[in-house]
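A short worksheet on the structure shown next.
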Amino acid sequence: MIYDVIIIGGGPAGVAAGIYASRQRLKAILITKSFGGQMARKAVAIENYPGFEEISGLDLIKKFEKHLKKFTSLQSGKAQIKIELDSVSKVRKIGKVFSVLTGSRKEFKSKTVLIASGADPRPLEVPGEKKFIGKGVSYCTACDAPLYSGKDIAVIGGGNSGFEAALFLASWARKLYILEYSPKVRAEESVQEKARKTGKIMVITSAALKKVEGTNFVESIVYQDNITKKMVFLKVGGVFVEIGSQPATSFVKGLVDFSERDEIIINPKTMQTKTEGLFAAGDVSDVVFKQIVVAAGEGTKALLAISNYLQKNG
Ligand SMILES: Cc1cc2nc3c(=O)[nH]c(=O)nc-3n(C[C@H](O)[C@H](O)[C@H](O)COP(=O)(O)OP(=O)(O)OC[C@H]3O[C@@H](n4cnc5c(N)ncnc54)[C@H](O)[C@@H]3O)c2cc1C
């Protein structure tokens with residue numbers, strides 16, 4: 001069986017593309033590790049997705065998933081899409097056909113592929129980080145915050161995400177430190193103001209994290225003060241990582257070109273990568289703005305472009 005399109009990713013870009021693929025009556029399959037993508041990490045409510053003045057990331061994900069799944073149950077001649085919960089490990093092009101391999105060793109073939117795999121949290125890359133993942137090091141405040149009740153916690157990253165994470169954690173943590181590498185934090189003033197009002201959050205700037213330490217669980221961190229060059233020891237029971245994201249592209253190397261930020265370079269008009277029939281949309285691509293509504297729009301654009309491409313190229 002050769003699909004018209006394989007969509008990789010179940011975030012806003014992939015789900016929007018899946019809905020359109022169904023409505024375009026394409027033979028389509030959406031392969032994703034899970035639904036929702038980065039929205040699952042959102043600690044505070046989403047307030048900028050049209051139609052919802054305020055909605056939690058998890059609730060918006062449920063609505064996206066329910067909407068897409070509606071199209072999996074429509075039969076015979078009507079819109080239909082297959083959903084496969086799996087991780088894509090490799091995309092290859094053999095002649096004119098794409099072969100997509102998954103972690104559970106399945107192979108799917110298709111005339112076109114849409115990469116909508118978004119981005120993963122950027123790791124700290126310091127000693128101790130990997131050892132303590134799930135034992136005090138977390139990349140998902142929304143998922144893990146209640147596990148840190150009564151503890152002192154470090155949030156690494158002084159952007160909006162770092163401050164929002166700290167504000168969310170403030171309901172559970174005893175004390176919070178936000179560590180920012182630069183001399184100034186990048187979070188919006190209104191968010192900083194909210195943080196000050198908690199009386200629990202201490203911001204430390206010019207701080208370069210050097211290691212995470214502990215025995216079975218995180219017990220402390222060490223950072224270098226970029227100005228005095230002194231090493232500083234901080235006793236904490238948890239470390240939340242909020243230093244940005246990196247595009248999830250390991251399975252597609254060789255078929256695409258990358259920007260200096262490791263995003264897949266696309267032609268914004270055709271949504272195609274350098275390989276004919278291989279498209280990308282959303283945060284994984286070099287689209288400038290990384291937002292839910294943008295990703296959904298880009299996924300839609302890509303699917304309509306794929307539909308045009310299939311009409312011309314069979
Ligand atoms: C903490 C945080 C807060 C944010 N707050 C907001 C906000 O308030 N408003 C806003 O508009 N935007 C916000 N954003 C940005 C927004 O979440 C992203 O722009 C949007 O989710 C991008 O959608 P996407 O579909 O491109 O990718 P993602 O959301 O990253 O989804 C990617 C999907 O691909 C899947 N996937 C990845 N690799 C593979 C693989 N190898 N095989 C199969 N599946 C794979 C993932 O499981 C996931 O389902 C926030 C982001 C973060 C991290």
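The values are calculated or read from the model by the stated rules, or taken from the named source; none is laboratory data. Owing to the predicted nature of the structure, the values given are computational and were not obtained by experimental measurement. Positions of Cβ are generated from backbone atoms using ideal geometry, with glycine treated the same way; all protein chains shown enter the neighbour counts. We work out accessible area using only protein heavy atoms, side chains counted, and drop any ligands, DNA or RNA first. Shrake-Rupley method; radii C 1.70, N 1.55, O 1.52, S 1.80 Å.
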**Request:** Could you work out how far the C-alpha centroid of the stretch 15-72 sits from that of the stretch 190-214, in angstrom?
**Result:** 32
**Degrees between helix 12-23 axis and first principal axis of the chain (Cα, 0 to 90, nearest 10)** = 20
**Fill in**
What the 10 Å binned alpha carbon P(r) of the stretch 181-314 shows, as percent of pairs per bin from 0, is 10, 26, 23, 21, 15, 5, 1
**Asked** Using Cα atoms only, what is the angle between the long axis of helix 160-169 and the major principal axis of the chain, expressed in degrees (0 to 90) to the nearest 10?
**Response** 70
**Asked** Assigning unit charges at the beta carbon (Lys, Arg +1; Asp, Glu -1) and nothing else, what dipole magnitude in debye, to the nearest 20, does the stretch 113-204 show about its Cα centre?
**Response** 340
**Request:** Rank-order 156-162, 46-52, 98-104, 24-30 by packing density, defined as the average count of other C-beta atoms within 10 Å over each peptide's residues, highest first.
**Result:** 156-162, 24-30, 98-104, 46-52
**Item:** the chain - percent of accessible surface contributed by carbon and sulfur, probe 1.4 Å
**Value:** 52
**the stretch 200-300: Lys pairs at Cα distance under 13 angstrom, eight or more positions apart or on different chains** = 4
**Item:** Neighbourhood net charge (11 Å Cβ-Cβ; Lys/Arg +1, Asp/Glu -1) for residue 237
**Value:** +3
**Asked** Which aspartates and glutamates have a Cα less than 16 Å from the Cα of residue 93, not counting those fewer than 8 places away in the same chain?
**Response** 4, 107, 257, 276
**Item:** Using distinct alpha-carbon pairs, which all enter the 1/r mean, Kirkwood radius of the chain in Å
**Value:** 20.8
**Item:** Average Cα contact separation per residue, the stretch 192-286, under 8 Å, 6 or more apart, as relative contact order %
**Value:** 15
**Message:** I need the shape label for the stretch 148-249. Rule: rounded when a/c is under 1.5, else prolate if a/b > b/c, else oblate, with a, b, c from the alpha carbon gyration tensor.
**Reply:** rounded
**Prompt:** So how much accessible area does residue 194 have, in Å² to the nearest 10, using a 1.4 Å probe?
**Reply:** 130
**Complete:** Going residue by residue through the stretch 93-110, the Karplus relation 6.51 cos²θ - 1.76 cosθ + 1.60 with θ = phi - 60° gives ³J(HN,Hα) values, rounded to whole Hz and with x marking Gly or Pro, of 10, 10, x, 9, 10, 8, 10, 10, 9, 10, x, 8, 6, 8, 10, 10, 10, 7
**Item:** Accessible area expressed per residue, the chain, with surrounding protein chains retained (probe 1.4 Å, Å²)
**Value:** 50
**Within a Gaussian network of the chain (alpha carbon springs, distance under 10 Å), most fluctuating of 213, 125, 164** = 125
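Please report the antiparallel percentage of DSSP beta bridges with both residues in the chain, rounded to the nearest 5.
45
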**Prompt:** Taking the Cβ of residue 276 as the center, what net charge do the other residues with Cβ under 10 Å away carry, scoring Lys and Arg +1 and Asp and Glu -1?
**Reply:** +3
**Request:** Could you please tell me the mean projected area of the C-alpha convex hull for the stretch 16-112, averaged over all directions and given in square nanometres to one decimal?
**Result:** 7.6
**Under the Karplus curve 6.51 cos²θ - 1.76 cosθ + 1.60, θ = phi - 60°, whole-Hz ³J(HN,Hα) for the stretch 122-136, x wherever Gly or Pro sits** = 6, x, 6, 6, 10, x, x, 4, 5, 4, 9, 4, x, 10, x
**Backbone N within the stretch 158-178 under 19 Å of label point (7 Å from residue 58 Cα along the Cβ vector)** = 164-173
**Prompt:** What FRET efficiency would be calculated for the residue pair residue 232, residue 260, taking the C-beta separation as r and a Förster radius of 45 Å, to the nearest 0.05?
**Reply:** 0.90
**Request:** Compute the long axis of helix 57-70 from its Cα atoms, compare it with the longest principal axis of the Cα atoms of the chain, and write down the angle in degrees, 0 to 90, nearest 10.
**Result:** 10
